[in-house]
Each structure stands twice: as C-alpha cells, then as structure tokens.
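Enquirer: Can you keep this structure in mind? I'll have questions shortly.
The values are calculated or read from the model by the stated rules, or taken from the named source; none is laboratory data. Keep in mind that this is a model prediction, so the values were computed, not measured. For neighbour counting, all protein chains shown are included, and Cβ atoms are generated from backbone atoms with ideal geometry for every residue, glycine included.
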Amino acid sequence: MTWHATLYIALVLALVLGAAFPLGTWLARVFDGTADFLAPVERGIYRLCGIDPNEKMGWRGYALALLALSVVHFLLLYAILRLQYWLPFNPEHIPGMPPGLAFNTAASFTTNTNWQAYTPESQISDGAQMFGLTVHMFISAAAGIAVAAALMRAFAAGRIAVLGNLYVDIVRITLYVLLPISLVAAVLLLAGGVPMTLAGFAHVHTLTGGTQTIARGPVALQEAIKELGTNGGGFFNANSAHPFENPNAWTNLLEIWLILVIGFALPIAFGRMVGRARDGVALFAAMAVILAVAMFGGYAAEAANNPVLVHAGLAAAPGNMVGKEVRFGIVQSTSFNVAATATSCGAVNSFLDSYTPLGGLVSLFLMQLGEVAPGGVGSGFAGMILFALLAVFVAGLMVGRTPEYLGKKIESREIKLAMLAVLIQTLFILLGAGASLLTKSGLGSLASGGPHGLSEMLYGWTSATENNGSAFAGLAANTALLNYGLGFAMLAGRFAVLIPVLAIGGSLAAKPVLPRSAGSFPTDGLLFVSLLIGVVVVLGGLQFMPADTLGPLAEQTLMHAGKLF
C-alpha cells in the first residue's frame, strides 16, 4: 500500500459515507410522504397514469404489481430493440437486434442487470438508448428502492396489512431522488467532458489522410443514471473506460460516489423509518467494513503485480497496469471496479479479464456475497435484511431463545423465505456455470483454458444471477445458450429474491412490535455487526469456495509456480 492509494480510498469512503446520512434522512421523508414540494407534478402523473395514490397494497398486491410492471416494460423494451431500425433518432440506420440478443438485453435492463452481450456503438441506436435503455435504468432502480421502502414499513409498524403502493413509490422515488441527482450529475459530467448530443456519429479526416468514425450521442444523462441507479450498461462498449463516458480523475471520483451513495443511504433511512437510528447505523457499518476491506484488498492484489513477472524480475512499478487506463492508474481502477461489484452496477473503467487472479476474485466474491455492501439500490438493502434475520436466528440458536429483530419475532416462515432467496441464486450460478461448461457452445465461448476459463464462465453466471452485469471480457456471451440462459438467470436473480423479501415484509407487518426486554439480543452494537459480517461471509460466500478454489485461487497458485494459461 502506498500513501497515495490509502488516501484515495479513504477519500472515496469519506465522501460516500458522509453523504449517506443526509441522503438517508431525505429518503425516509420520501418514503413516508412528508417530502411533497412536487405534489402538483405528482398529482398530474397519477391522473395521467390512472393511479389512485390512496390505494394501499398488501405484500401480494405489491408483488403482483411489480411483476406486472416488469412484464410490460420487458415487452416494450424487446419491441424497441427489435424494431429500432424504424424508430426515430437512428441516423446510422442500425438494424433491429436478433431475437435472442433482444431477449437477453430486455431481461438485462428490466432486472437492473444491464448485462451487454452486444456492442452499443454498432448495435443500438440513440433512440433505443434513450427511450429503451435509459428509461429502464430509472424504472428498474426505482422499483428496487420501492421494495426496500415497503420492507421498511413492515418493521416500522405492527399489525398492518399493507406495505404501500408500488406505483406511488416509483413515482416519488423517481421525482424526488433519481431525477434531481441524475440531472445535477449529468451537468457535472458535461463540464468534465462527457458529450450530450443527437448529432450522430462524427466522420473526420485524420492527419494521415484517412477517415475515422467517432461514435457519440446523448451520453451524459445516461451515464449519470447508469451509476446512480447501479445499472452499469455503458453507452460505449468500453463502458466507463471510454473517455466519452469517464474523461478524467474527477469524473471517475464522481461516478464512484454515484454508484455507492444510495446503497449506503438506505440503512440510514431504515433507522429513521423504524425509529431506531442505531440499528440502521449497524447495517451501514457492516456494509462499510466489507467494502473497505474489498477496496484495500483489490488494490493490494493489483499493486502486487503478476507473480510470474515478479519472479522473473520483469515487474515494473506501479503494478499490474494491463487492461487499465493510464489516466486512472491502479487505485482509481480497482476502487471503481470494487464499487461496481459491491453493488449491482457492473460498470467498469478497467477490464477484469486482465486482472490478477486475486484481483478478479475480489470482485467475484463481492457478488457471491449477495451484493450487500451496499448492493444494488434497494436490492442490496433487502439482501442485508435477509442476512440480519439469519444472524438473529443464529444468535437465538446459541442462547435457546426465539429470535427477534426490531421488536418483530422471527419464526420459521421468515427463515425459510430468507434461505430460499439466498439459495436460489447459488443454484442458478453453480448449476448454470457447470452445465455451460459441459456443452460445446459454452466451451466455445471461453477465450482461455484451465482455471482462467472456469473463472470467465463462473463470473458470467454470477454477474447475471446477481444482477450485476460486468464480465470477464474473454467470455463471448452472444450465443443462444448464454443469451437465453443468462437472461433467465437475470430474471430469477431479481424476482426470486424480491418476491420472498416482500413475503417476509407482509408476514412481519402483521406482527405486533414487541418492547425491548432484558432478553432481547441487541442489534445496534459491535457484537451484532461482527455477527452479521460473519453470517454474510459464511452463508453468502463460502458456498462458492470450491468453485473459486478451482478457478481464481488455482490460477494464482499456478502463477506462483511459474505457470501461465
């Protein structure tokens, strides 16, 4: 570790964690309806969309509304992608996507995954980017935060049958949180050099007498919501490594902040909503510890360089720069990628396929933990609540007492649903990666053999199921097997988690809030934070240790022995 790297990571954490407290307070006001200065705009949207803001939904109604909205948006995006040749703002006359790729992309953006098995510059028009992808970046992010808000209401009151109104929550979250922050961020990105234009591609003459086509488009606003909504789908194939998406160190810092800030604000909002601020801070602290360890560990792995080069005396300072932009260097690259994989963002400003095995393992393991540090907007908080329920259950087993969390008794129904949400993702990741490697199509998608090839496929299925969207660039994913297989994994990873979360919310909402007693396990102190981190690592991550051992850990061991694949 260098002082420069230590100070940079400390600066990132300070900016994010400091901003999370005021933003969390604001989110609580948005969720409980006390933030209402845009009430006339709200009422106009409700009238236009036929929404009754006074209608309240139980958990089943909330879940059905979420599924129905997602189906409609999936079909709309699929149609836009298939028909984009005939839609406006397509000056380059880009043809419609083939069915398999359109299915994969529609599933990807509907589920907040933003996995991209296509090249944006050549396979998607400006119109499809704006009216298809960018709209879904707002809606999918707002839907995830809405589920978190519904879960908070379940803990905030006792003996209630409703969790709110999904459509009202999405409108309010978009109006009061996502749009204003995105607009400010877009202006800052514009000032930093990110383009925002409908002029189409630029065709220029080079100094050598040739011609060059430079892709450009309405990038700034999409880039802002891409990061703020933990979406990750880039306007360009190079994503945030492209200078039109992320020109310099200042825009890089802003984008890291955008990726992380809402995820850390949600536990603070939770503490405000339930009237137990310290309990929200405990969840916040567990997230922060995991993220800080990952940021320092990811940097250390890349700064240590390739052990084969080190042993041969060929390694140069500052470390493994392969696949990284010189304008960012190692610490800005690893901090960005850790932020993106600790959330469901999936944006990249360097390329994981060229990381050291341990450096790539950091990002892979963060996703395998369930992306809870702080995770995707809304979904990460929901995942951390699942682990909190499992943590108090484990603590209850130790002392022979019925577990409770924030005054709500945690019984077998909640634990079964929590384990279902955790294990369904493990099933899709391990079964999907294993089955793909048994097929010619799956093996043909790999750019590498041996442990690194296993890492490519394992990372792809992990990223899709955990709704992240980043990839080891060596994996050629535009095949029928992976387009449809990963598409279904994205859908399962999103809804097989959020639906059990809402069911847990409905069950807890109906229960009374019990007063604290001498036998209550404290969930607002260091002991609970430590237990929670342990449960996240053991129940979330260690399920994947055999696969990780055969992949990145085996590759690192072989590299230390002087062998390369």
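Enquirer: Could you tell me which residue of the range 88-113 is surrounded by the fewest Cβ atoms within 10 Å (Cβ to Cβ), considering only residues that are of a type in the set (Val, Ile, Thr) and part of a loop (DSSP other than H, G, I, E, B)?
Expert: 94
Enquirer: State which residue is farthest from residue 382 (Cα to Cα) when the search covers only the range 484-494 and only residues that are touching a helix residue (DSSP H, G or I) at 6+ places or on another chain (Cβ under 7 Å) and touching a residue at least 60 places away in the same chain (Cβ under 8 Å).
Expert: 484
Enquirer: Sticking with this one: All but one of (1) in a loop (DSSP other than H, G, I, E, B); (2) over 20 Å from the mean Cα position of the chain (by Cα); (3) aromatic (Phe, Trp, Tyr) hold for residue 484; which doesn't?
Expert: The single condition residue 484 does not satisfy is (1).
Enquirer: Can residue 310 be described as of a type in the set (A, V, I, L, M, F, W, C), out of contact with any His (no Cβ under 7 Å at 6 or more places or on another chain) and part of a helix (DSSP H, G or I)?
Expert: yes
Enquirer: So, residue 194, is that one part of a loop (DSSP other than H, G, I, E, B), in contact with a helix residue (DSSP H, G or I) (Cβ under 6 Å, 6 or more places away or on another chain) and over 23 Å from residue 24 (Cβ atoms) or not?
Expert: yes
Enquirer: Still on this model: Pick from the range 171-212 the residues that are of a type in the set (Val, Ile, Thr) and closer than 23 Å to residue 140 by Cβ: which of them is surrounded by the fewest Cβ atoms within 10 Å (Cβ to Cβ)?
Expert: For the range 171-212, the residue satisfying everything is 184.
Enquirer: Quick one: in the range 255-307, of everything that is without any contact (Cβ under 8 Å) to a residue 60 or more places away in the chain and not in a loop (DSSP other than H, G, I, E, B), which residue is farthest from residue 340 (Cα to Cα)?
Expert: 277
Enquirer: If residue 73 passes every condition in (1) free of Cβ contacts under 8 Å to residues at least 24 places away in the same chain; (2) closer than 19 Å to residue 491 by Cα; (3) within 22 Å of the chain's Cα centre (by Cα) but one, which one does it miss?
Expert: Failing condition for residue 73: (1).
Enquirer: Quick one: is residue 116 of a type in the set (S, T, N, Q), assigned to a loop (DSSP other than H, G, I, E, B) and touching a residue at least 24 places away in the same chain (Cβ under 8 Å)?
Expert: yes
Enquirer: Considering (1) without any contact (Cβ under 8 Å) to a residue 60 or more places away in the chain; (2) more than 22 Å from residue 236 (Cβ to Cβ); (3) not in a helix (DSSP H, G or I), say which one residue 162 fails and leave the rest.
Expert: (1)
Enquirer: If we scan the range 131-141, do we find a residue that is touching a residue at least 40 places away in the same chain (Cβ under 8 Å) and either closer than 30 Å to residue 512 by Cβ or of a type in the set (D, E, K, R) (or both)?
Expert: No - not one qualifying residue is present in the range 131-141.
Enquirer: Then there is this: Any chance you could count how many residues in the range 425-452 are of a type in the set (Gly, Ala, Ser), surrounded by 15 or more Cβ atoms within 10 Å (Cβ to Cβ) and under 27 Å from the mean Cα position of the chain (by Cα)?
Expert: Number of matching residues: 7.
Enquirer: Within the range 75-87, can one find any residue that is part of a helix (DSSP H, G or I), in contact with a helix residue (DSSP H, G or I) (Cβ under 9 Å, 6 or more places away or on another chain), hydroxyl-bearing (Ser, Thr, Tyr) and over 22 Å from residue 377 (Cα atoms)?
Expert: yes
Enquirer: Here are the criteria: (1) loosely packed, with under 12 Cβ neighbours inside 10 Å; (2) farther than 28 Å from residue 497 by Cα; (3) not hydroxyl-bearing (Ser, Thr, Tyr). Tell me which single one residue 52 does not satisfy.
Expert: (2)
Enquirer: Quick one: residue 81 ticks every box in (1) within 27 Å of residue 267 (Cα to Cα); (2) free of Cβ contacts under 8 Å to residues at least 60 places away in the same chain except a single one, so which number is it?
Expert: Evaluating residue 81 over (1) within 27 Å of residue 267 (Cα to Cα); (2) free of Cβ contacts under 8 Å to residues at least 60 places away in the same chain leaves (1) as the failure.
Enquirer: A follow-up question, please. I'm checking my understanding of the structure. Among residues of the range 130-152 that are more than 17 Å from the chain's Cα centre (by Cα) and surrounded by 21 or more Cβ atoms within 10 Å (Cβ to Cβ), which one is nearest to residue 27 (Cα to Cα)?
Expert: This residue is 149.
Enquirer: Something else about it: Of everything in the range 217-254, what is assigned to a helix (DSSP H, G or I), over 12 Å from the mean Cα position of the chain (by Cα) and either modelled with pLDDT under 95 or buried (at least 21 other Cβ atoms within 10 Å of the Cβ) (or both)? Give them in sequence order.
Expert: 219, 220, 221, 222, 223, 224, 225, 239, 240, 241, 251, 252 - these are the residues of the range 217-254 that are assigned to a helix (DSSP H, G or I), over 12 Å from the mean Cα position of the chain (by Cα) and either modelled with pLDDT under 95 or buried (at least 21 other Cβ atoms within 10 Å of the Cβ) (or both).
Enquirer: Restricting attention to the range 465-481, which residues are buried (at least 24 other Cβ atoms within 10 Å of the Cβ) and either modelled with pLDDT of 95 or more or of a type outside the set (A, V, I, L, M, F, W, C) (or both)?
Expert: The answer is 465, 466, 467, 468, 469, 470.
Enquirer: Here's another thing I want to ask about it. One residue is enough: does the range 508-518 have a residue meeting the conditions assigned to a loop (DSSP other than H, G, I, E, B) and in contact with an Asp or Glu (Cβ under 7 Å, 6 or more places away or on another chain)?
Expert: yes
Enquirer: Six or more apart or on different chains, Cβ under 6 Å: which pairs go from a residue in the range 311-340 that's at pLDDT below 95 to one that's among the β-branched types (Val, Ile, Thr)? Could you list them?
Expert: Between residues of the range 311-340 that are at pLDDT below 95 and residues that are among the β-branched types (Val, Ile, Thr), the close pairs are 318/330; 319/330; 320/356.
Enquirer: Still on this structure, please answer the following. Of the residues 394, 422, which single one is under 18 Å from residue 529 (Cβ atoms) and either surrounded by fewer than 22 Cβ atoms within 10 Å (Cβ to Cβ) or in contact with a strand residue (DSSP E or B) (Cβ under 8 Å, 6 or more places away or on another chain) (or both)?
Expert: Of the residues listed, the single one that is under 18 Å from residue 529 (Cβ atoms) and either surrounded by fewer than 22 Cβ atoms within 10 Å (Cβ to Cβ) or in contact with a strand residue (DSSP E or B) (Cβ under 8 Å, 6 or more places away or on another chain) (or both) is 394.
Enquirer: Please pick out the residue among 531, 539, 564 that is in a loop (DSSP other than H, G, I, E, B) and either modelled with pLDDT under 95 or in contact with a helix residue (DSSP H, G or I) (Cβ under 8 Å, 6 or more places away or on another chain) (or both).
Expert: The match here is 564.
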